[in-house]
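The structure appears right after this line, and notes come after that.
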Amino acid sequence: MRGTVQGVGFRPFVFRLAARHALTGWVLNGDDGVRIRVEGADSALEAFLADLRSDAPAASRIAAIDVAEGVPEGFAAFEIRASEHVGAPTTRISPDLPVCGACLRELFDPADRRHRYPYVNCTDCGPRFSIVHRLPYDRPRTTMAPWKMCEACAAEYEDPADRRFHAQPTACPACGPEYVLVAGADVAKGSDADRARGVAAIREAVRLLRDGAVIAVKGVGGYHLACDARNAAAVAALRERKFRKEKPFAVMASDVQGARRLVTLTAEAEAALTSSARPIVIAPAVLDLPGVSPDSRDIGVMLPYTPLHHLLFAEGAPVPLVMTSANRSNEPIAFEDDDALTGLAGIADAFLLGERPIARRLDDSIVRPGHDGPVVLRRSRGLAPALVAELPTRTPILAVGADLKNAVTLVVEGQAYAGPHVGDLEHYEALRAFRASIDDLLAMYEVSTDDLVVVHDLHPQYASTQVALSLPARAHVAVQHHRAHVASVLAERGALDTRVVGIAFDGTGYGDDGSIWGGEFFVGSVRESFERVASLRPAMLAGGDAAARHPLQAAAGFLFQLGPIELHAPPFAFPARYDDARQLVARGVRAFETTSAGRLFDCVAALLGFTRPIAFEGQAAMWVEHLARGATEAVDCPFGVEGRELDWRPALDAVIAARRRSADPGAIAAGVHRGLGSAVATMARALAAEHGLETIVLSGGVFQNALLVAEVRRSLGSGGLEIWINHQVPPNDGGVSLGQAALAALARL
Ligand code: ZN
Ligand code: ZN
Ligand code: FE
C-alpha cells in the first residue's frame with residue numbers, strides 16, 4: 001500500500017482492524033509503503049480490505065493498494081513487525097500534524113500524567129517531517145532518539161489498544177524533553193543556573209509577553225518571534241529590531257472565535273484555518289492592529305497547533321500574539337538553538353527553548369481562500385512534503401525552481417513531491433538552506449544521481465541555476481521561467497495533454513531572447529510545450545532586475561514612451577532617482593527590454609504615490625491592489641489589444657490625467673485592474689478562438705492579485721472559456737519547480 005501511510009498511525013490502525021476481523025499475519029513499514037500480510041476467512045479478508053479504505057486514519061492518504069494472494073503460513077496472531085529497508089523508499093512521510101483533541105484534554109486534565117506537558121502527542125497528532133532524519137519513520141531515526149521512554153510511556157507504546165501504540169515521538173514529563181526560558185541577557189553569559197523549566201518557563205514567558213517583551217518561541221519547524229499584537233510599542237520594537245519595516249506579521253488567535261474577531265472568516269477560510277496544516281490564512285481584517293499589517297486590508301491569522309501554543313494562551317498570553325518567523329530580514333527561519341540564541345540576540349528579550357531538536361526548518365504555510373478553492377501561497381509546515389502531481393516518467397527528476405520564494409520538487413517513480421519553502425536565495429544562509437533542502441530530499445528518497453535529471457531556470461545568473469549545474473546528474477535541463485509557471489497549473493491538475501492559452505504575469509523571468517519577460521501569452525500543452533504568441537508591450541527597464549526594488553526606476557522606462565510629462569509638480573513628486581533612471585533609458589545605458597507585468601504595476605504604484613523603495617518583493621503591486629479594493633468606483637483606464645501586443649500606454653495616460661484632476665487614487669487603481677483584466681480577457685479570447693482552445697491558465701506572482709483574477713474572470717464572462725489557476729503549489733515562484741519538473745518529464749530526454 002502506498003500513499004501518506006507512515007507516521008499517521010497506520011500500522012496500529014491495521015492492527016486493530018485485523019483484530020476486529022479475527023485475522024492473523026503482520027504489518028510493517030517497508031520502503032515502498034505499508035506492507036500487510038493477513039490470513040483468515042475469505043469474507044473476513046474482504047471486509048478487512050473494505051474497512052482499510054473507508055476507516056483509514058484521518059491524516060493518511062492511500063495512493064494505491066496492491067493485493068496479491070499467497071500460500072497461508074498459519075500465523076498464530078497478528079503483529080506489527082520492525083520496519084524493513086530494501087530498495088528506494090517512495091513512501092511519503094506525513095507532514096507535521098497539530099495537537100489532537102484527545103491530547104489537548106490530557107494537557108488540561110490535572111489528573112493526567114501529561115498535565116501541562118508541552119510535548120504531548122499520539123499516533124493521531126504531533127511532529128513528523130520536522131523530526132525525522134531518515135525513512136522509514138521510527139524513533140531511532142528521529143530527533144527523539146536521545147530520550148529513552150520511561151516504563152509508563154513504553155507500556156503505552158507497546159499496547160495495541162493504546163492511542164500511543166507505536167507513536168514515535170511519545171514522551172512524558174518523566175522521560176521526555178522540556179521547555180526552558182533563557183533571558184536574552186543570559187545568552188552571552190552562557191549560564192543556565194536559574195533558567196526556569198517546564199510550566200515555570202511558560203509562565204515566565206507569558207509574564208514577559210504581557211509586559212510587552214519580544215520572545216523567541218521554538219515551534220515545530222523553527223522559532224517564532226512573539227509579542228502582544230495589540231501592544232503597538234511592542235510591535236514597533238519588533239519591527240525595529242528585526243529590520244522588517246513594512247512586511248506584514250502573522251498573528252495567532254487563541255481559537256476560532258478569537259480569529260473571527262480579527263478577520264472576516266468565510267466557511268472556506270475557516271476550513272483552511274482549522275485544517276490539519278494549520279496554515280496562516282489571509283483574510284480581510286475587521287480589527288485594526290497598528291503596525292501588524294501596514295497598507296493592507298488583510299491580516300494573516302493562524303490557530304495554535306502545538307501543545308505549547310495552547311499552554312501559552314491558557315496561562316494568559318496576550319491575544320492575539322504576533323507570531324512571525326524568527327530571522328533577520330530575509331534570512332531563513334532559525335531552527336537550531338545555538339543559531340537562534342546568537343542570531344536573535346538583540347531581537348528577542350528572552351528565548352523559550354524547546355529541548356527536542358528540529359531536524360529541518362519549516363516555515364508556516366500560507367493559504368488564501370479563493371473563488372474556486374484555497375490557493376496555497378507558501379507550502380511548508382503541515383503541507384510539505386506532499387505529493388502534488390503524478391507525471392508519466394520513470395526518470396528521477398530534481399527541479400530546483402527559481403531564486404525567489406524558492407522551493408524544490410523531486411519526482412520519484414512518477415510522483416512529484418513538493419519540498420518545503422526555502423525562500424529567497426540572495427543570502428548565504430538561504431543558499432545553504434537551498435542546498436540542504438536538495439540533499440535532504442535526495443537522501444530521504446534515496447535517489448541516485450546516476451540517472452537523475454536536474455532541471456533549472458533558463459536564467460544563467462540564478463544561484464539556483466549555478467547550484468543545479470554543479471550537481472552530478474545524468475542530464476541538466478533548462479526550462480524557461482514563464483512556461484514553468486503555466487505548466488505548474490496543468491501539472492497539479494494532471495492535465496498534461498490539455499492545450500491551453502497560458503498567461504504568465506510576474507515580476508522577473510529570463511526570456512528566450514535574454515530580455516526580462518513577465519507579461520507573456522502562450523499557446524500549447526505540457527506535452528508539446530508552449531509557444532509564446534503575445535506579450536505586454538515592451539518597455540526599457542533602467543538597471544535591469546535591480547529595478548525591482550524601486551518602483552520609480554520601473555516607471556521611468558514605461559513613462560518614457562508617453563513623451564514628456566511633468567512629474568515633479570503636484571500631484572506627483574518624483575524625486576531625482578526618477579530623472580536618473582530616465583536618463584539611462586534615454587541614452588540606452590544599463591537599460592534592458594522588459595515585458596514584465598510586475599514592473600507595470602510598479603509604474604502604476606509610483607504614479608499613485610508609492611515613490612519609495614519597496615521593503616519586500618511585490619509590495620508596490622500589493623499596495624495598488626489594496627488601494628483598489630477600498631474603492632467604490634473605477635476610473636476608465638483602457639489598455640489596447642493590438643495583434644500580439646497588450647498596450648499599456650492608453651491606460652497610463654488615463655492614470656496621469658485622472659491624477660491631475662484629483663480623482664480618488666483608489667478609483668484609479670480599481671480602473672487599472674478593470675482595464676488590465678478586460679484586456680487580458682480580450683487577448684485570451686482572441687487566442688482561444690484562433691487556436692480552437694477552451695481553457696485559459698493564469699499563473700505567476702502577479703496573479704496572486706485576487707482582484708485582477710476576478711476582473712479577468714468577469715470580463716471573460718460565461719463565454720464558455722474556463723479559467724484555471726494554481727491551488728496546490730503557489731502561483732508565485734514557489735510553484736516554478738513543479739512546472740519545471742512537468743516540462744522535463746514530458747520532454748522525452
Ligand atoms: Zn494526539
Ligand atoms: Zn514517559
Ligand atoms: Fe515568476
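Couple of notes before you dig in:
- Within region 390-402, one or more residues are surrounded by fewer than 22 Cβ atoms within 10 Å (Cβ to Cβ) and part of a strand (DSSP E or B).
- Wholly within region 264-361, helices (runs of 4 or more DSSP H) carrying at least 1 residues that are under 17 Å from the mean Cα position of the chain (by Cα): 267-273
- Residue match in region 141-160 (condition: without any contact (Cβ under 8 Å) to a residue 40 or more places away in the chain, more than 12 Å from ligand 2 (Cβ to nearest atom), over 22 Å from Ala102 (Cα atoms) and buried (at least 17 other Cβ atoms within 10 Å of the Cβ)): yes
- Any hit, region 1-15, residues being surrounded by fewer than 18 Cβ atoms within 10 Å (Cβ to Cβ) and under 14 Å from Phe165 (Cβ atoms): no
- Qualifying positions in region 57-92 - surrounded by 21 or more Cβ atoms within 10 Å (Cβ to Cβ) and at pLDDT 75 or above: Phe78
- Candidate set: region 626-640, residues that are touching a residue at least 40 places away in the same chain (Cβ under 8 Å) and buried (at least 24 other Cβ atoms within 10 Å of the Cβ); chosen: the one farthest from Ala569 (Cα to Cα): Phe639
- The listed residues are Ala473, Ala478, and the only one of them that is more than 12 Å from ligand 3 (Cβ to nearest atom), assigned to a loop (DSSP other than H, G, I, E, B) and aliphatic (A, V, I, L, M) turns out to be Ala473.
- When Gly30 is tested against (1) touching a strand residue (DSSP E or B) at 6+ places or on another chain (Cβ under 8 Å); (2) surrounded by fewer than 22 Cβ atoms within 10 Å (Cβ to Cβ); (3) at pLDDT below 85, just one condition goes unmet, and that condition is (1).
- Looking across region 547-571 at every residue that is surrounded by 22 or more Cβ atoms within 10 Å (Cβ to Cβ) and modelled with pLDDT under 90, the one that is farthest from Gln583 (Cα to Cα) is identified as Ala548.
- Each residue in region 94-116 was checked for being crowded, with 22+ Cβ neighbours inside 10 Å, more than 12 Å from ligand 1 (Cβ to nearest atom) and either farther than 30 Å from Ser448 by Cα or aliphatic (A, V, I, L, M) (or both), and 0 of them qualify.
- Close pairs (8 angstrom Cβ cut-off, 6 or more residues apart or separate chains): at positive phi in region 222-250, hydrophobic (A, V, I, L, M, F, W, C) anywhere: Gly222/Ala326; Gly222/Ile333; Gly222/Ala334; Gly222/Phe335; Gly222/Ile358; Gly222/Leu362
- Among the residues of region 101-127, those identified as assigned to a loop (DSSP other than H, G, I, E, B), within 23 Å of Met302 (Cα to Cα) and at pLDDT 95 or above are Phe108, Arg116, Tyr117, Pro118, Tyr119, Val120, Asn121, Pro127.
- Of the listed requirements (1) farther than 21 Å from Val292 by Cα; (2) of a type outside the set (Asp, Glu); (3) buried (at least 19 other Cβ atoms within 10 Å of the Cβ), Val367 misses just one: (1).
- Residues within region 360-372 that are among the hydrophobic types (A, V, I, L, M, F, W, C) and either out of contact with any strand residue (DSSP E or B) (no Cβ under 6 Å at 6 or more places or on another chain) or under 15 Å from Gln704 (Cβ atoms) (or both), tallied: 2
- Lone qualifier among Glu690, Glu711 - being among the charged types (D, E, K, R) and either closer than 25 Å to Val526 by Cα or assigned to a loop (DSSP other than H, G, I, E, B) (or both): Glu690
The values are calculated or read from the model by the stated rules, or taken from the named source; none is laboratory data. Please read these numbers as outputs of a predicted model, since none were measured by experiment. Ideal geometry is used to build each Cβ from the backbone, glycine not excepted, and the neighbour counts take in all protein chains shown.
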